[in-house]
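Single-structure report; data block below.
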Amino acid sequence: MKPDLLLVEPMMEFIEERLDANYTVHRLYDESQKETLEAALPKIRAVATGGGTGISNEWIDKMPSLGVIAVNGVGTDRIDLAHARSRNIDVATTLGVLTDDVADLGIALMLGVLRQIASGDAYMRAGKWGKEAFPLGTSPKGKRLGILGLGQIGKAVGRRAEVFGMDVRFWNRSPITDTSWKSCASPVELAEDSDILCVIVAATAQTQNIVNADVLKALGPKGVLINIARGSVVDEDALLAALNDGTIAGAGLDVFVNEPNIRPEFYSAPNTLLLPHQGSATMETRIAMGELVLSNLEAHFAGKKPPTTVN
Ligand code: 8YV
């Protein structure tokens, strides 16, 4: 008998094929499965979900046999880890395998804003070359990069930034000792001391809107904000106002509140590069993430602790 598993959002086709081979998969996003899912809930022993999607306590509590939640991502902001633990449910993420790709995307967004990649492309397609001047960009070399949240990904962003000749500093909730980068006492102090502020802090109740109007003001009129963390860590009202009134110079954003239905004001915000949550979205990394989801599930059903359990 194959164990029953709830798949909250689609994964790569070949990963889903392997899920189907080993589990009876119920797809939460598939309207046509709604009735059969209701009947299957008491039997469901595993959940597979995305980092940005998670699963609510309401759903968790509908599944009395649930023993493991395998997250296809590193974010656990959409899962109540303590509640899962109180039910003896292991929550396992894809810790480690997406670090480099997310860091690469942070750098890509930064260079994209500084070197005006999107507006340069639009200028070419509009046939403006030779007819209209294209404005000069900004060099990253010698600029100060502030990293808000110095976890694995933050460190990988910093290492890359050094290759571009940038001077790295950071703010982190808990002290970090294994770095020579300058530690700033608060997000405002970090922003004051940065030309580019890259946000890669975990989204929690404490970090909600941690990038607020004060932080943006401290970043200043030449400053650029990069967000590769979660939409919720930035006050979007304050950010839109800051972009429109020149409080900051620009932004590169991969994540938003209420994805994919983001605020339409972002489409017309000046000097703003937008991506549809692509941090870990490469073929190589999504394969590695999918494999880790499968191994975490396999470990659970072999009676072992899933290797990357986080709660
Ligand atoms: C993924 C993420 O896009 O790791 C995370 O927390 O948000 C991303 O890597 C997501 O988990 C895929 O659903």
Those residues that are surrounded by fewer than 17 Cβ atoms within 10 Å (Cβ to Cβ), within 25 Å of the chain's Cα centre (by Cα) and aliphatic (A, V, I, L, M), I need them from region 295-311; list them, please. Val310
Under the condition of being small (Gly, Ala, Ser) and out of contact with any strand residue (DSSP E or B) (no Cβ under 9 Å at 6 or more places or on another chain), which residue from region 181-217 is farthest from the ligand (Cβ to nearest atom)? Ala213
Output the qualifying pairs, or none if there are none: Cβ atoms under 9 angstrom, residues six or more apart or on different chains, first residue in region 285-311 and farther than 11 Å from Thr93 by Cα, second residue open to solvent by 60 Å² or more (accessible area, probe 1.4 Å) and modelled with pLDDT under 95. Ile287/Phe14
Under 25 Å from the mean Cα position of the chain (by Cα), crowded, with 17+ Cβ neighbours inside 10 Å, within 23 Å of Gly231 (Cα to Cα) and touching a residue at least 12 places away in the same chain (Cβ under 8 Å), is that true of Val71? yes
For the list (1) closer than 27 Å to Gly223 by Cα; (2) touching a Ser or Thr at 6+ places or on another chain (Cβ under 7 Å), I need the number of the one condition that Thr272 fails. (2)
Hey, which of the strands (runs of 3 or more DSSP E) in region 1-95, taking only ones fully inside, have at least 3 residues that are at pLDDT 95 or above and in contact with a helix residue (DSSP H, G or I) (Cβ under 6 Å, 6 or more places away or on another chain)? 24-27, 68-72
Looking at the structure I just gave you, is Gly158 within 16 Å of the ligand (Cβ to nearest atom) and open to solvent by less than 60 Å² (accessible area, probe 1.4 Å)? no
Do we have any residue at all in region 90-101 that's more than 16 Å from the ligand (Cβ to nearest atom) and either in contact (Cβ under 8 Å) with a residue 60 or more places away in the chain or not acidic (Asp, Glu) (or both)? yes
Testing Ile44 on (1) open to solvent by 10 Å² or more (accessible area, probe 1.4 Å); (2) more than 26 Å from Ala281 (Cβ to Cβ); (3) in contact (Cβ under 8 Å) with a residue 40 or more places away in the chain, one condition comes back false. Which one is that? (1)
Go through region 161-194 residue by residue and tally those that are crowded, with 24+ Cβ neighbours inside 10 Å and among the charged types (D, E, K, R). 0
Which one of Leu239, Leu197, Leu243 is out of contact with any Leu (no Cβ under 6 Å at 6 or more places or on another chain) and surrounded by 24 or more Cβ atoms within 10 Å (Cβ to Cβ)? Leu239
Go through region 15-38 and report how many residues are under 24 Å from Ala281 (Cα atoms) and either in contact with a Lys or Arg (Cβ under 7 Å, 6 or more places away or on another chain) or within 16 Å of the ligand (Cβ to nearest atom) (or both). 6
Taking region 246-264 and keeping residues surrounded by 15 or more Cβ atoms within 10 Å (Cβ to Cβ), away from the ligand (no atom under 16 Å from the Cβ) and not in a loop (DSSP other than H, G, I, E, B) leaves Gly250, Ala251, Gly252
Which numbered condition Asp104 fails, given (1) within 19 Å of Asn296 (Cβ to Cβ); (2) of a type outside the set (Ser, Thr, Tyr); (3) surrounded by fewer than 18 Cβ atoms within 10 Å (Cβ to Cβ): (1)
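The values are calculated or read from the model by the stated rules, or taken from the named source; none is laboratory data. The shown structure was predicted, so the numbers you read here are calculated from the model rather than taken from an experiment. Every residue, glycine among them, receives a Cβ derived from its backbone with ideal geometry; neighbour counts consider all protein chains shown. The area values use the complete protein model at the heavy-atom level, side chains included, leaving out ligands, DNA and RNA. Shrake-Rupley method; radii C 1.70, N 1.55, O 1.52, S 1.80 Å.
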